[in-house]
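S.K.: Take a look at the following structure, please.
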Amino acid sequence: MKISTLPGFSAFLLTGMCFLCAAQGKPEKTEPASVYSELEKAPAKYQAKANPLAKDKDAVAAGKVLFEEHCAECHGENALGTKKAPSLRAPEVQSAPPGTLFWILTNGIVRKGMPVWSKLPEPQRWQLVTYVQSLGPVEAMENSPPAKP
Amino acid sequence: MSLSRLSHLYVLLLGILLSLAGAGILVAQENPYIVAYDHNLEEPGNLEVEYYSTLGTQRGGPTFHGFWSEFEYGATAWWTTELYLSGQTTFGDSTVFTGYRWENRVRPLKNEHWINPVLYVEFEDINGADKILKEVVGHDVESDFLTPNGEARRETKREAELKLILSSNYKGWNFTENTIAEKNLTNSPWEFGYALGASRPLALKAAAQKCNFCPQHFIAGVEMYGGLGDRYSFGLHETSHYLAPGLVWNLPSGWTFKIEPAFGLNDNSHQFLLRWGVSYEIAGFGQKVSQLFKGNSK
């Protein structure tokens, strides 16, 4: 590439990036019910899976560390949800079988913006499930107290 | 535009990006590969700024240092787009800008499967002095790198590159296989290449406290890559092949460090390459930029 073509290319690139970022900023128009309906799509064999780390004394603490590193950015520090992603303190999530949450983590909901987390090894995904379900349900985000994990 | 003005612009761009880094921290979970790709895409709205170096030895020529920056953006959960800017220094010769690449990776399937395909499309506008060795295709050999920069940079290469990435995660391991097809958009034949990789974190469970040196933050692996000839002369002969063990350190602060020595497996390959990289992931970059243009919508 000639150096003189760089300004034109840079302008093209910046325009493209602005377009992409603007698209990214649009909040997803999804009702809470439709978000949580993804939980029902977990295959039966996953729903029946027991959490192998349910009795692991370090799983909640380790899950909290993982949550802060990978999940809090979208779901909020207390898992109460943000504009980007729904609350994980909703009764639908808190009462879901652990295997269902594991399935969601493994597969993501890529068409709705939830990334695939299969890059985390299985034990780390179970640690996350253990932590999330240790937080307990909170019905409405507005009245929710800070989480005490 | 002179090279020095270009470098000032580049530093300015990096400054703007790093000032947006306050948007949030998200720990990357990078695999140690430098050539091979797995099926894990960038999280939507995140920007990963990366810098990589390749220090290469040459029989019959001076050592070179190829370097490139990557700006990797998660456009959606199923589409990652990335811009590369590359250059190189050949010791005893000169330092030159060698061009740009624009790549896109798309995940066609909604769910995780035993083998996960990702489609990769890249456009390259580089010159003949490019020495980053981001992939090996066709009949790429060590002696291609002996042409002096002044002469090599006059060759323009506008190329399309397609990859089929097939990757699996199993019991903490990642296994990936990339098939590469590259075509110079002038009247040149399709060239082919491959990259294979396997990697695993040093620990599968996370520690119960935040730590920089916990074994789960280190992922070790190995990759093998090389050419497969072209459509008229397909095969493993008359091309180069490398075996490269690597290690990546994903820090909780969002920084990632990679190092990978690569060893040439035949006489057509560079005997030794030392590759390293550093990257920083800016979480919520897309939203932050969007707010800059729209004002704070909270």
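Coordinate-derived values only; no laboratory data. All values reported here derive from a predicted model rather than from experimental measurement. Ideal geometry is used to build each Cβ from the backbone, glycine not excepted, and the neighbour counts take in all protein chains shown.
S.K.: Which order do A:L66, B:L274 fall in if you start with the one that has the fewest other Cβ atoms within 10 Å?
M.R.: Numbers: A:L66 22, B:L274 15.
Listing A:L66, B:L274 from fewest to most nearby Cβ atoms yields B:L274, A:L66.
S.K.: Mind listing the long-range amide H neighbours of B:F272? Cut-off is under 5 Å, sequence gap 5 or more, other chains count too, H placed in the peptide plane at 1.01 Å from N.
M.R.: Placed amide hydrogens put B:T57, B:G264 under 5 Å from B:F272.
S.K.: Round to the nearest 10 and give me the degree value, 0 to 90, for the angle of helix B:285-294's Cα axis relative to the longest principal axis of chain B.
M.R.: Once rounded, the angle reads 70 degrees.
S.K.: Still on this structure, I have one more. What is the distance in Å between the Cα centroid of the stretch B:232-288 and that of the stretch A:53-86?
M.R.: 31 Å
S.K.: How tilted is helix B:3-19 with respect to the longest principal axis of chain B? Cα atoms for both, answer in degrees (0 to 90, nearest 10).
M.R.: 20 degrees
S.K.: Give me the Å³ per residue figure for the convex hull around the C-alpha atoms of the stretch B:189-264.
M.R.: It is 100 Å³ per residue.
S.K.: Listing B:Y225, B:Y194 from the residue with the fewest other Cβ atoms within 10 Å to the one with the most, what is the order? Please list the in-between numbers first.
M.R.: Working: B:Y225 26, B:Y194 21.
Ordered by Cβ neighbours within 10 Å, fewest first: B:Y194, B:Y225.
S.K.: How large is log10 I(q)/I(0) at q = 0.16 Å⁻¹ when the Debye formula is applied to the Cα atoms of the stretch A:30-134, each weighted equally and without solvent?
M.R.: For the stretch A:30-134 at q = 0.16 Å⁻¹, log10 I(q)/I(0) is -0.63.
S.K.: A follow-up question, please. I need the phi-derived Karplus couplings for the stretch A:89-104: 6.51 cos²θ - 1.76 cosθ + 1.60, θ = phi - 60°, integer Hz, Gly and Pro marked x.
M.R.: Couplings: 8, 5, x, 4, 7, 5, 9, 5, x, x, x, 5, 5, 4, 5, 4 Hz.
S.K.: Could I ask something else about it? Cross-link list A:K57/B:K110; A:K64/B:K110; A:K41/A:K64; B:K110/B:K134; B:K157/B:K258; A:K49/B:K110: which exceed 32 angstrom alpha carbon to alpha carbon? Kindly include the intermediate steps, with their values, before the conclusion.
M.R.: Values: A:K57/B:K110 34 Å; A:K64/B:K110 27 Å; A:K41/A:K64 26 Å; B:K110/B:K134 29 Å; B:K157/B:K258 29 Å; A:K49/B:K110 21 Å.
The answer is A:K57/B:K110.
S.K.: Would you kindly give the portion of the calculated P(r) for chain B that falls above 37 Å, as a percent of all Cα pairs?
M.R.: Above the 37 Å cut-off, chain B has 14 percent of its Cα pairs.
S.K.: Something else: Given only helices, namely DSSP H runs of n ≥ 4 each adding -39500 (n - 2.57), what is the per-residue ellipticity at 222 nm of chain B, to the nearest 500 deg cm²/dmol?
M.R.: Taking each H run of at least 4 residues, the total per residue is -3000 deg cm²/dmol.
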